[in-house]
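> The structure that follows is given in the form of structure tokens.
The values are calculated or read from the model by the stated rules, or taken from the named source; none is laboratory data. Model, not experiment: these values are computed from the prediction. A quick note on method: Cβ atoms are made from the backbone with ideal geometry, for glycine too, and the neighbour counts reach across all protein chains shown.
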């Protein structure tokens, strides 16, 4: 007889008080005790990455809200049509901050907006401190690129920020165009070139070409430059689409990185022994984001996460229902917060391999293949079954509603912090940047078809013809889900202020976040608010 788990759930240990007023408790037993001593050699990507003079600065990538709840990742993602954090009675209301983020009614006192600001500036301070020490030319160039990356985030989020380059000193508030120019100059100087072009000579660059996903090489710097140029028209009013395509193309044509497709696979760390539907291996797109993705040939620059020594990735806790602890025998109970919007989930073709890789839907089973039952269910349906549809954003959304975020897949006996590395620059994104850059530069979307079809082929889909701006945006969204590019993409395509599920059309000023009020209050008048707030 199959086991029945009696689940009356308690959400504990949430960051920023994200789960409150629950009157539920988790009762039951797991046939195999949860162990924190499971072998992890196939998951460990080096913890903090290389242990060298640059580690103190590169470790700040994990501290800058890159893959956890409450800061950079959250505001980049929940403000889009990808996902939402629904209010489930007294759970996840949090003063309405996530409802405001979804509906674009956020203001300067929104906590996560302030957290994202401080996360980036704390990381910049570490870079500035390190640049005061005795570094060689390569190390100095890497830290300048790393600092430029954090300023790229600030440029994108807030526009008008302070460019602080010396420890202990303040700076005036710069215009968005000035911040853009600073980021561009830092990247070009690290690359040793005056400009991006069709025939670039990087022989004088202090950056190398060695493959190390936890450090910056020439290809990583060009990847960030390609991202910057792709959004240049938004940031400055001056398009740089040709330059975006040229930077991306250089990496595609000259580096040794390849798309992870057929034959590119890793053992599946989430394979349950008694669940036949769990694959033995993760292949192609799914392998790029797996817990053991540290050697993936598609990843150019990534953030080193490790469940023991490099914490900060919390997607399992952020998205899974409380009782999904039993699915993978996780050490701690998940929080049941984030879920994908139904329209976004339905935008995938059923034959798209990314659909299965990116989302968790349907009846859920435990480690031994038994159905997980939720005795706290209020709809009379005891079986834990993730439905793509969400009944409402607030005030009492279904606790099972919404496909769950599964792109960065989970491992058996997972700790509170996950092992999956987070790509900053990967080849799949660069194919799409090259495609869009070429199309926009020539005002001809057919020029994007070859690269888009390369990405579709990896997903098991037939080629497209007759591509246009809307269909390209949809293709890019399906590939880049959960990688903090959707907000940028919607803004660039003029869609960010459109209405979507439980959101009315929003004002144009929402394309930049407000300068956080705590920062203005502490600035002695040197910071002023963005227009419209």
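> Just name the residue that is surrounded by the most Cβ atoms within 10 Å (Cβ to Cβ) out of those in region 52-91 that are on the phi > 0 side of the Ramachandran plot and in contact with a helix residue (DSSP H, G or I) (Cβ under 6 Å, 6 or more places away or on another chain).
65
> Grab the helices (runs of 4 or more DSSP H) fully contained in region 282-354, keeping just those with 1 or more residues being within 23 Å of residue 71 (Cβ to Cβ).
Where helices (runs of 4 or more DSSP H) fall fully within region 282-354 and carry at least 1 residues being within 23 Å of residue 71 (Cβ to Cβ), they are 315-319, 342-346.
> For residues in region 509-533 being surrounded by 13 or more Cβ atoms within 10 Å (Cβ to Cβ) and not in a loop (DSSP other than H, G, I, E, B), which is nearest to the chain's Cα centre (by Cα)?
Of everything passing the filter in region 509-533, 511 is nearest to the chain's Cα centre (by Cα).
> Those residues that are in a loop (DSSP other than H, G, I, E, B) and either within 30 Å of residue 70 (Cβ to Cβ) or without any contact (Cβ under 8 Å) to a residue 60 or more places away in the chain (or both), I need them from region 263-272; list them, please.
Within region 263-272, 263, 264, 268, 269, 270 meet the criteria.
> Right, here's the next one. Here are some residues: 277, 199. Which one is more than 24 Å from residue 479 (Cα to Cα) and assigned to a loop (DSSP other than H, G, I, E, B)?
None of the others qualify; the one that does is 199.
> Determine whether residue 282 is surrounded by 23 or more Cβ atoms within 10 Å (Cβ to Cβ) and over 25 Å from residue 358 (Cα atoms).
No: the conditions fail for residue 282.
> So which residues in region 101-114 are in contact with a helix residue (DSSP H, G or I) (Cβ under 8 Å, 6 or more places away or on another chain) and assigned to a helix (DSSP H, G or I), if there are any at all?
101, 102, 111, 112, 113, 114, listed by residue number.
> If the requirement is being closer than 30 Å to residue 106 by Cα, touching a residue at least 60 places away in the same chain (Cβ under 8 Å) and touching a helix residue (DSSP H, G or I) at 6+ places or on another chain (Cβ under 8 Å), which of these qualifies: 155, 130?
Answer to the check: 155.
> Let me ask something additional. For region 437-454, state whether one or more residues are in contact with a helix residue (DSSP H, G or I) (Cβ under 7 Å, 6 or more places away or on another chain), touching a residue at least 12 places away in the same chain (Cβ under 8 Å) and not in a helix (DSSP H, G or I).
No; the residues of region 437-454 include none that is in contact with a helix residue (DSSP H, G or I) (Cβ under 7 Å, 6 or more places away or on another chain), touching a residue at least 12 places away in the same chain (Cβ under 8 Å) and not in a helix (DSSP H, G or I).
> Looking at 140, 160, 144 in this structure, which one is at pLDDT 95 or above, touching a strand residue (DSSP E or B) at 6+ places or on another chain (Cβ under 7 Å) and surrounded by fewer than 24 Cβ atoms within 10 Å (Cβ to Cβ)?
Residue meeting the stated conditions: 160.
> Go over the candidates 250, 229 one by one and state the one that is over 21 Å from the mean Cα position of the chain (by Cα) and either assigned to a loop (DSSP other than H, G, I, E, B) or buried (at least 20 other Cβ atoms within 10 Å of the Cβ) (or both).
250
> Right, here's the next one. Out of 320, 259, report the one residue that is modelled with pLDDT of 95 or more, touching a helix residue (DSSP H, G or I) at 6+ places or on another chain (Cβ under 8 Å) and buried (at least 24 other Cβ atoms within 10 Å of the Cβ).
Result of the check over 320, 259: 320.
> Whether any residue in region 458-467 is buried (at least 23 other Cβ atoms within 10 Å of the Cβ), more than 26 Å from residue 303 (Cα to Cα) and touching a residue at least 24 places away in the same chain (Cβ under 8 Å) is what I want to check.
Taking region 458-467 as the starting set, the residues that turn out to be buried (at least 23 other Cβ atoms within 10 Å of the Cβ) are none.
For region 458-467, residues buried (at least 23 other Cβ atoms within 10 Å of the Cβ), more than 26 Å from residue 303 (Cα to Cα) and touching a residue at least 24 places away in the same chain (Cβ under 8 Å): absent.
> Mind listing whichever residues of region 493-502 are surrounded by fewer than 19 Cβ atoms within 10 Å (Cβ to Cβ) and in contact (Cβ under 8 Å) with a residue 12 or more places away in the chain? Walk me through it before giving the result.
So the first thing to find is which residues in region 493-502 are surrounded by fewer than 19 Cβ atoms within 10 Å (Cβ to Cβ), and the list is 493-495, 497-502.
493, 495, 497, 500, 501, 502 - these are the residues of region 493-502 that are surrounded by fewer than 19 Cβ atoms within 10 Å (Cβ to Cβ) and in contact (Cβ under 8 Å) with a residue 12 or more places away in the chain.
> When you scan region 472-482, do you find a residue that is in contact with a strand residue (DSSP E or B) (Cβ under 7 Å, 6 or more places away or on another chain), touching a residue at least 24 places away in the same chain (Cβ under 8 Å) and either outside any helix (DSSP H, G or I) or within 27 Å of residue 302 (Cβ to Cβ) (or both), even just one?
yes
> Here's something else I'd like to know. Filter region 205-226 down to the residues that are in a helix (DSSP H, G or I) and either over 15 Å from residue 252 (Cβ atoms) or under 22 Å from the mean Cα position of the chain (by Cα) (or both) and list them by number. Write out each step before concluding.
From region 205-226, those in a helix (DSSP H, G or I) are 218-226; that's our starting set.
Across region 205-226, the qualifying residues are 219, 220, 221, 222, 223, 224, 225, 226.
> Going by the structure shown, is residue 216 surrounded by fewer than 18 Cβ atoms within 10 Å (Cβ to Cβ) and either touching a helix residue (DSSP H, G or I) at 6+ places or on another chain (Cβ under 7 Å) or touching a residue at least 24 places away in the same chain (Cβ under 8 Å) (or both)? Spell out how you get there, then give the answer.
Working: surrounded by fewer than 18 Cβ atoms within 10 Å (Cβ to Cβ): no; either touching a helix residue (DSSP H, G or I) at 6+ places or on another chain (Cβ under 7 Å) or touching a residue at least 24 places away in the same chain (Cβ under 8 Å) (or both): yes.
So residue 216 fails the test.
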